[in-house]
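Asker: Please read through the structure below; I'll follow up with questions.
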Amino acid sequence: KCRTGPLDIVFVIDSSRSVRPFEFETMRRFMMDIIGSLDVGPNATRVGVIQYSSQVQNIFSLKTFFTRADMEKAINSIVPLAQGTMTGLAIQYAMNVAFTTQEGARPLHKKIPRIAIIVTDGRPQDRVTEVATQARNAGIEIYAVGIQRADMNSLRAMASPPLEEHVFLVESFELIQQFGKQFQDKLCGVDMCMEQEHGCQHSCVSTPSSFYCECNPGYRLNVDGKTCSLIDACADGRHGCQHQCVSARGSYSCRCRTGYYLNQDKRTCSVIDYCSFGNHSCQHECVSIPHGHYCRCRSGFTLQPDGRSCRATDLCNGVDHGCEFKCVSTEGSYRCVCPEGQQLQADGKTCSKCGAGHIDLVMVIDGSKSVRPQNFELVKQFVNRIVDLLEVSPHGTRVGLVQYSSRVRTEFPLNKYHSADEIKKAVMEVEYMEKGTMTGLALKHMVEHSFSELEGARPLSHNIPRIGLVFTDGRSQDDISEWARRAKESGIVMFAVGVGKAVEEELRAIASEPVEQHFSYSADFTTMTHLVENFKLNICPEEGKGEMEIRSPCECEALVQFQTNTVGILQSLTEKNILW
């Protein structure tokens, strides 16, 4: 057996029509004799076979078989192509396909010899010199074996130097088997690791005409090709350790930081549950952290100085309880209560009202650039808190929203949405317009469009109050007097709310009589609490429970309650803004 080290060998066999069947059989025997002398296997010598005539056919690649029995079975099943002799095409295929890593060739940096054994009986019908040169330059060592009628010049053009060791001419197919024994000696050669001082630190691997050094597992070969260095398995970053990687002679292990333990996957880490030890003494809850634990109280309780016990807190004073009338603290919680004669609603916070106070309400909000985005969000929140107080429905209260700057845009008309949730969602999706302050144009739009029956306002004959609320923070860039007057003349009760640089004269011109009850002003958005005082007014119509019903006596009280609730909303928004 040939024991000089692993090889990657590809037989390139001529099966043109000039090779008669019995002659092809001797070529089969030649290949099997050579294979029989090799130590074949995935980590030893690998063998591939291709045949050619006018085309190239892959019989099996370097990665297909790793036993001699499988290789011999495949060789015996070859059916000759019996056409032309395109030797150059076959060399091209060997270089571009057969000797690629995809087909089983070992990478060049492993220095495993790549050997092509070309066996032919005739003159090539294509050019071989250039492609053979390319193959040799690609690291393929070519042996050219000519039989009987082969052209010596073509064999010399294909073979690797020195030619006397790589070119063979056999007089007849009958002699090729005898030649095979001689060729084995050429292919195997001597053990170069034994013939000279190789200098390999770990191990030497002999090849037909040279040798190369290999390192033990866990080491890599240095650039000098002889010495070895320990592989840092953590360095390439592919270890997958969640916390720390510890390198150990070609391998690695994962380690967790203090306070964590390694999971069964040997890569990820989990926090050590110090609370599970059962010695924390926490009255309510124990919370584990990487270096120990701490105690935590349930909602409505405060942790005491001992760090373990808990005491109930007055949540009515410590949280935004949202109770409409009154908050009553209980142990670890709170509840809302309502005045005598009113019932707590399903939300647990608001109280039932005497009558719904059905109205058509259009809010006109200033979206000019002076408002600024953060303040515009406060305005939207204020709008939604107003909506929370209303019994929105097609036959109850309807709400529309208009935004203006240098132009006017209906965000949604009175007949667009039929529930408070729909309206609130639409309000939060309103986009800030910026630019100028055309308040007069906005009033005109409100009168001509927003309170039209086309956009959902009920007919005046139904006695449904029409209320317009204008929110602005600066001087209008157009005249407001005419359309403020027309709005009030058309039966719309007008409220004017000014902030910052809003002009009092304009606010008064917008507001309905009595003016003092229909306009409010604040220096900035963060101090709007006092605005609500002037927002308390009587807007009860003579009729208005519904489209076909007479107003109930308590409906007026309900509308007054609407005004009072608005006071609470503005105050709540102001308190939140101060916290922010």
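Asker: Restricting to the stretch 363-384, name every residue that is assigned to a helix (DSSP H, G or I) and among the β-branched types (Val, Ile, Thr).
Answerer: Val379, Val383
Asker: Please count how many residues of the stretch 381-405 are within 15 Å of Ile365 (Cβ to Cβ) and touching a residue at least 40 places away in the same chain (Cβ under 8 Å).
Answerer: 10
Asker: Contact list please: Cβ distance under 6 Å, first residue in the stretch 306-329 and under 15 Å from Thr350 (Cα atoms) and open to solvent by 50 Å² or more (accessible area, probe 1.4 Å), second residue among the β-branched types (Val, Ile, Thr) and part of a loop (DSSP other than H, G, I, E, B), pairs at least six apart or on different chains.
Answerer: Close Cβ pairs (under 6 Å, with a partner that is among the β-branched types (Val, Ile, Thr) and part of a loop (DSSP other than H, G, I, E, B)) amount to Glu324/Thr350.
Asker: Then there is this: If you check Thr437 against the conditions, is it surrounded by 15 or more Cβ atoms within 10 Å (Cβ to Cβ) and modelled with pLDDT under 95?
Answerer: Taking the combined requirement at face value, the residue satisfies it.
Asker: Would you check if Asn76 is without any contact (Cβ under 8 Å) to a residue 12 or more places away in the chain and either closer than 26 Å to Pro42 by Cα or not assigned by the TED database to the domain that holds Met31 (or both)?
Answerer: no
Asker: Within the stretch 385-436, restricting attention to residues that are of a type in the set (D, E, K, R) and in a loop (DSSP other than H, G, I, E, B), which residue is farthest from Ser370 (Cα to Cα)?
Answerer: This residue is Glu391.
Asker: What do you reckon, is Ser476 in contact with a Gly (Cβ under 9 Å, 6 or more places away or on another chain), polar (S, T, N, Q), at pLDDT 85 or above and open to solvent by 30 Å² or more (accessible area, probe 1.4 Å)?
Answerer: It is false that Ser476 is in contact with a Gly (Cβ under 9 Å, 6 or more places away or on another chain), polar (S, T, N, Q), at pLDDT 85 or above and open to solvent by 30 Å² or more (accessible area, probe 1.4 Å).
Asker: Just the residues that are among the aliphatic types (A, V, I, L, M) and at pLDDT 85 or above, please, taken from the stretch 285-301.
Answerer: Of everything in the stretch 285-301, just one residue is among the aliphatic types (A, V, I, L, M) and at pLDDT 85 or above, namely Val287.
Asker: Give me the strands (runs of 3 or more DSSP E) completely within the stretch 1-119, filtered to those with at least 2 residues that are open to solvent by less than 10 Å² (accessible area, probe 1.4 Å), ordered by residue number.
Answerer: 8-14, 46-52
Asker: Right, Ser251: surrounded by 14 or more Cβ atoms within 10 Å (Cβ to Cβ) and within 30 Å of Pro217 (Cα to Cα) or not?
Answerer: no
Asker: Tell me, which residue of the stretch 213-228 that is surrounded by 13 or more Cβ atoms within 10 Å (Cβ to Cβ) and farther than 19 Å from Pro113 by Cα is farthest from the chain's Cα centre (by Cα)?
Answerer: Within the stretch 213-228, the match that is farthest from the chain's Cα centre (by Cα) is Thr227.
Asker: Here's a check for you: in the stretch 120-149, which residue that is within 17 Å of Ile34 (Cα to Cα) and more than 54 Å from the chain's Cα centre (by Cα) is surrounded by the fewest Cβ atoms within 10 Å (Cβ to Cβ)?
Answerer: For the stretch 120-149, the residue satisfying everything is Tyr143.
Asker: Report the residue count in the stretch 229-246 for those that are open to solvent by 40 Å² or more (accessible area, probe 1.4 Å) and farther than 30 Å from Tyr274 by Cα.
Answerer: 8
Asker: Let me ask another. If I filter the stretch 197-212 down to residues being touching a strand residue (DSSP E or B) at 6+ places or on another chain (Cβ under 6 Å) and of a type outside the set (Ser, Thr, Tyr), which single residue comes out as surrounded by the fewest Cβ atoms within 10 Å (Cβ to Cβ)?
Answerer: Among those residues, the one meeting the criterion is His202.
Asker: I want to confirm something. Restricting to the stretch 328-362 and keeping residues that are in a loop (DSSP other than H, G, I, E, B), within 44 Å of the chain's Cα centre (by Cα) and not small (Gly, Ala, Ser), which single residue is modelled with the lowest pLDDT?
Answerer: Going through the qualifying residues, I end up with Gln345.
Asker: Also: Taking the condition of being open to solvent by 100 Å² or more (accessible area, probe 1.4 Å) and without any contact (Cβ under 8 Å) to a residue 12 or more places away in the chain, how many residues in the stretch 289-305 meet it?
Answerer: Number satisfying all stated conditions: 1.
The values are calculated or read from the model by the stated rules, or taken from the named source; none is laboratory data. In this text, all values refer to a predicted model and were calculated from it rather than measured experimentally. Ideal geometry is used to build each Cβ from the backbone, glycine not excepted, and the neighbour counts take in all protein chains shown. With ligands, DNA and RNA removed, areas are computed over all heavy atoms of the protein, side chains included. Shrake-Rupley method; radii C 1.70, N 1.55, O 1.52, S 1.80 Å.
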